[in-house]
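Working notes for the structure below.
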Amino acid sequence: MTAVPEPLSLPTSDWHEWLASRCDGLLEDARCLVSELKQDSGGSAGADVLMARWNDLNLALDNAFAVASLMSNVHPDEAVRSRGEKAEQDAHALLTDIGLDRELFDVLVAVDPEALDDAGRRVHSLALRDFRRAGVDQDEEVRSRLKELAERETAVGQEFSKNIRDDVRSIRVEPDTLAGLPADFVASHPAGEDGLVAVTTDYPDYVPFMTFCRDREARARLVLEFLNRAWPANDALLHELVALRREHALLLGYDGWPSYDAEVKMIGKGSAIPEFIDRITEASDTAARRDVDVLLQRLRQDHPEIESIDSVDKMYYGEVLRRENFDVDAQQVRSYFDFGKVRAGLLAVTGRLFDVEYVEVPDAPAWHADVATYDVVRGDRRLGRIHLDLHPRKGKYGHAAQFSLTPGIRDRQLAEGVLVCNFSRALMEHDHVVTLFHEFGHLVHHILAGGHEWARFSGVATEWDFVEAPSQMLEEWAWDADVLQSFATDANEVPIPAELVAKMRAANEFGKGLYARTQMFYAALSYTLHQNVPDDITATVRDLQRRYDVFSYVPGTHFHTSFGHLEGYGSGYYTYMWSLVIAKDLFSAFDRSDMFATEVAHRYRDRVLAPGGSRDAADLVADFLGRPYNFDAFEQWLEEV
Ligand SMILES: [Zn+2]
C-alpha cells in the first residue's frame, strides 16, 4: 500500500490535553500565517508563494474547526466537549478578525490572478468575494455598523430560537381521549390530581397525538397551542431580525437579503427564488390536488360537514390512509433490518458503486468503544479513513450528521470523516436505514473529494443548496428491492420480500404533492419576509398559505413565531426542495433496473463528487449529465402514482 499521507494520530488517553494542544497549535499557526502574509505586502514572494500561504491558513482553520466541532459533539467526557466548544469559539473569533482585516485583504488584492493557474485563480477570486461580503472594503463607519448588525442579528436570532424552545404549552384532556394512541404513550401520560391528562406541544407528545388521537376537538385544541408557540414575543423579534438583515444587505450594496444570500448559492440570484417556488408549486399542482382529494374524501366519511383540510386533520387522516390503503406492518419491516447486517450492506453497496473497499482498522484509537474505523482503499491506494459512531449515548449529538476530522489534501493530509448517528443496536426502522444511506452520502463525498491541493476545494465544499443532492440521491439505493435484498434478511436469513418493499414505497410516495406544496409555502414565507419586511406578518402568513399550501390556515394561529428555520435558513428555506430537484435529475442518469452499472456510477463519482468545490455545482451537474440541470425528472416523479 502506498500509505502516504498517514491518518491523524488520535490519542489513547488524555483527550483533553490532545485536543487543547491540537486546536491551540493550529490557531497559533493560523495567526503566524496571517502575519507572514501581511509582511509580504509588496508581493515580492510571488503570487504562487502567497497563495500557498493562504492555502496553509485555510487548512489550519479548517483543521481546527473540524476537530473542535467533532469533539464538542461526540466526546463522552463533558470536559473534553466543553474544551471543543471553547476551541470552536476561538476559531470563530479568529475567522471574523481575518474577514475584516483590511491589510490582509490588500495583500490578496495585490496578487495578480494572471500569474496563477485556473485552480489558484478560483481560490483567489472566492477569497476576494468572501472578504467583500464581510464588508472589509467598506469605510470605517459602514464597517462598524456591519459589526453591530451582525452582533444584533446573532442575539435576536438566538432569542427567537430560545423563545420557541422555552414556550412549551399544553392542554388537559380526559384519559379516554388517548384511545388509539400507542400503549407506551398512554403509559407515560397518567392522569393528574384533577383526573385529566396533560399533553404538551413538544414533538414527542405533539406528533403521536396529532397522528393517532381520534378526538377531533382535542386535536384542534392542541393545534391552536402548537401554532401559537412564542406568540406574541417572537412577532416583534422576527420584525427586528428581518429588518436587521435587510439593512445589512443594503449596506453591502445588494437589493435585499435574498440577493446577498443567494449570491453564494447554486440558485445564484435572489430573484430566482420566487421563480423556483412558483415553478414547483405549478409542477406539484396535479399531484397535490389528487392527494388532498383522497384525504378530504376520507375525512368526510367521518365529518361530512367539513370543506377543507388543515393541521387539525392532516396527520391523523394521513395515518388513517396509510393503515387502510397501504397496509405496511412496521413490526414486520423492522425484522429485516438488523443493525449489523445493515452496516455491512451499506459498505458493500457503496463500495461496489464507487469502486472502493472498506478495510476495518480494529486497533485504531477512538473517543469511544462504539466507534468502528475503516480505511477507504482502492487497489493499493488509501483514499481516506472513516469512523462510524452510530449508537446513542449520554451527552452525544442527538441527530444524524457527517463531521470532518481532517479534510484531505493531495500528498499532504488524508481525508478523514465521521458519521455520527443514533441508531438502535438491534433492529432498525426503515426510515433510519434511509437516514444512514443519506448521511453516508455526505461521508463518501468528504472522502472522494479529498484529493485536492487547495483546502478551499476539499470535501463537501460545494454550494449550500447543492450539498444535500448527492445524499438525497443515495437514498434511492435504500428503496430499491434488489439492493435491499442483498443485505436485509430476517433472523432466518430470508431476504425482505419485493412485494413488501413495493408497499413501503407506495406508502412513502403518497402525499409527495402535498409535501411539495407545504414546503413551498414555508419557502415563500422565508423569502417574502426577507425581501419586503411586511407590517403584518400574520396577514402575510395567511395570504401565502392560501396561495401555496393545499392545507388551510387555522384561524387564530401565528405559525411564523415558532418557525425556527427562519433563524438558520433566513431567506433560503427553498434549498431542501432545490437540491431534491437536482437529486432527481442526477438519478435520472442511472438505470433503475441496474443500480450498479459501472460507467454511470464512476462518471458520477469522478465528475460530481471528486471535484468537491473546485467547480460550481451547476457545472459539475452539467458535466455529469451532458446537459444543464432541468426539472423534468422531478416533475415526472411528482406525476408518478
Ligand atoms: Zn444531509
Legend entry - Search result, residues across the stretch 437-471 that are charged (D, E, K, R) and within 10 Å of the ligand (Cβ to nearest atom): Glu439, Glu468
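Every residue, every condition in (1) touching a residue at least 12 places away in the same chain (Cβ under 8 Å); (2) within 16 Å of the ligand (Cβ to nearest atom); (3) buried (at least 18 other Cβ atoms within 10 Å of the Cβ), yes or no:
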position: Ala478; (1), (2), (3): yes, yes, yes
position: Glu499; (1), (2), (3): no, no, no
position: Leu514; (1), (2), (3): yes, no, yes
position: Phe521; (1), (2), (3): yes, no, yes
Inset, instruction - Just give me the residues in the stretch 620-638 being assigned to a helix (DSSP H, G or I) and open to solvent by less than 70 Å² (accessible area, probe 1.4 Å), in sequence order. - result: Leu620, Val621, Ala622, Asp623, Phe624, Leu625, Ala633, Phe634, Glu635, Trp637, Leu638
Inset, instruction - Assess whether Ile267 counts as being closer than 26 Å to Val156 by Cβ and either among the β-branched types (Val, Ile, Thr) or not in a loop (DSSP other than H, G, I, E, B) (or both). - result: yes
Inset, instruction - For the stretch 595-614, enumerate the residues that are within 18 Å of Glu463 (Cα to Cα) and in contact (Cβ under 8 Å) with a residue 40 or more places away in the chain. - result: Arg605, Val608, Leu609, Ala610, Pro611, Gly612, Gly613, Ser614
Inset, instruction - Answer yes if at least one residue in the stretch 279-286 is on the phi < 0 side of the Ramachandran plot and assigned to a loop (DSSP other than H, G, I, E, B), and no otherwise. - result: yes
Inset, instruction - Filter the stretch 424-436 down to residues that are away from the ligand (no atom under 16 Å from the Cβ) and hydrophobic (A, V, I, L, M, F, W, C) and give me whichever is surrounded by the fewest Cβ atoms within 10 Å (Cβ to Cβ). - result: Ala426
Legend entry - Scope the stretch 543-584; condition at positive phi and in contact with a His (Cβ under 8 Å, 6 or more places away or on another chain); matching residues: Gly570
Legend entry - Residue under evaluation Leu419, criteria (1) modelled with pLDDT of 95 or more; (2) more than 12 Å from the ligand (Cβ to nearest atom), criterion not met: (2)
Legend entry - Residue that is of a type outside the set (Lys, Arg), more than 27 Å from the chain's Cα centre (by Cα) and over 30 Å from Arg132 (Cβ atoms), where the choices are Pro208, Pro182: Pro182
Legend entry - Test: residue in the stretch 208-226 that is outside any loop (DSSP other than H, G, I, E, B), of a type in the set (Val, Ile, Thr) and buried (at least 17 other Cβ atoms within 10 Å of the Cβ): yes
Legend entry - Among (1) outside any helix (DSSP H, G or I); (2) within 16 Å of the ligand (Cβ to nearest atom); (3) not β-branched (Val, Ile, Thr) - the single one Leu474 does not satisfy: (1)
Inset, instruction - Return only the number of the condition from (1) surrounded by fewer than 20 Cβ atoms within 10 Å (Cβ to Cβ); (2) farther than 28 Å from Phe226 by Cβ; (3) not polar (S, T, N, Q) that Tyr260 does not satisfy. - result: (1)
Legend entry - Hey, Val483 in the same structural domain as Leu346 (by TED's automatic domain parsing), β-branched (Val, Ile, Thr) and within 16 Å of the ligand (Cβ to nearest atom) or not: no
Inset, instruction - Determine whether Gly351 is modelled with pLDDT under 95 and farther than 23 Å from Leu59 by Cβ. - result: no
Inset, instruction - Within the stretch 394-414, track down each residue that is within 28 Å of Pro611 (Cα to Cα) and more than 16 Å from the ligand (Cβ to nearest atom). - result: Leu405, Thr406, Pro407, Gly408, Ile409, Arg410, Asp411, Arg412, Gln413, Leu414
Inset, instruction - Tally the residues that are modelled with pLDDT under 95 and either in a loop (DSSP other than H, G, I, E, B) or outside the structural domain of His602 (by TED's automatic domain parsing) (or both), restricting the search to the stretch 427-463. - result: 2
Legend entry - Filtered residues of the stretch 314-373 (kept if open to solvent by 70 Å² or more (accessible area, probe 1.4 Å) and free of Cβ contacts under 8 Å to residues at least 60 places away in the same chain): Arg323, Glu324, Asp329, Gln331, Glu357, Glu360, Pro362, Asp363, Ala369
Inset, instruction - For the stretch 105-119, name all the residues that are part of a helix (DSSP H, G or I) and either assigned by TED's automatic domain parsing to the domain that holds Gly398 or among the small types (Gly, Ala, Ser) (or both). - result: Ala115, Ala119
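The values are calculated or read from the model by the stated rules, or taken from the named source; none is laboratory data. Nothing here was measured: the structure is a model prediction, and the numbers come from that model. Cβ atoms come from the backbone with ideal geometry, glycine included; neighbour counts cover every protein chain shown. Please note that ligands, DNA and RNA were not included when accessible areas were found on the heavy atoms of the full protein model with its side chains. Shrake-Rupley method; radii C 1.70, N 1.55, O 1.52, S 1.80 Å.
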